[in-house]
Amino acid sequence: MTALAELPKAQGPSLKVGEVIIKGRCMSAKKQGTYFAHLVVLPAADPYSSPATVEVLAKTRQADQEQDITLHCRIGGYRRSYKSTDRETGEQRTVVTADNKLFVVED
């Protein structure tokens, strides 16, 4: 079992289980039903890797396009399952996966 890296001392909001701080650049913010969906690109770990991109949902618009932002988010989502057929054997099996969502913690 590997040891967890020590977390830095809190400088902003205190995090609870299931929460995360997202820091990156907002590439778009569009209204989707009752939420604004923000597409946020996070900094790449090094010059040779691709940056992660996440979608963050919020009740209010949090940023404009090309704006750098820091967001306190709650991790949400749901389990999803579907049928898959093995190409070699033809055996059908059920695959279980998760759809993750990030929601801005708004007071």
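Worth a mention:
- If the condition is being in contact with an Asp or Glu (Cβ under 8 Å, 6 or more places away or on another chain) and among the aromatic types (Phe, Trp, Tyr), then region 66-90 contributes only TYR78.
- Per-region count, region 35-47, residues in a loop (DSSP other than H, G, I, E, B) and either modelled with pLDDT of 95 or more or under 14 Å from the mean Cα position of the chain (by Cα) (or both): 2
- In region 28-48, the residues that are in contact (Cβ under 8 Å) with a residue 24 or more places away in the chain reach residues that are of a type in the set (Lys, Arg) with C-beta atoms within less than 6 angstrom, at least six apart or across chains, in these pairs: ALA29/ARG61; PHE36/ARG61.
- In region 34-56, residue surrounded by the fewest Cβ atoms within 10 Å (Cβ to Cβ) [restricted to those that are touching a strand residue (DSSP E or B) at 6+ places or on another chain (Cβ under 8 Å) and among the aromatic types (Phe, Trp, Tyr)]: TYR35
- Scanning region 50-82 for residues being closer than 15 Å to TYR35 by Cα, in a strand (DSSP E or B) and hydroxyl-bearing (Ser, Thr, Tyr) gives a total of 0.
- Residue that is farthest from the chain's Cα centre (by Cα) [pool: residues in region 83-98 that are in a strand (DSSP E or B), farther than 26 Å from VAL20 by Cα and not polar (S, T, N, Q)]: ARG93
The values are calculated or read from the model by the stated rules, or taken from the named source; none is laboratory data. Computed from a predicted structure; not experimentally measured. Cβ atoms come from the backbone with ideal geometry, glycine included; neighbour counts cover every protein chain shown.
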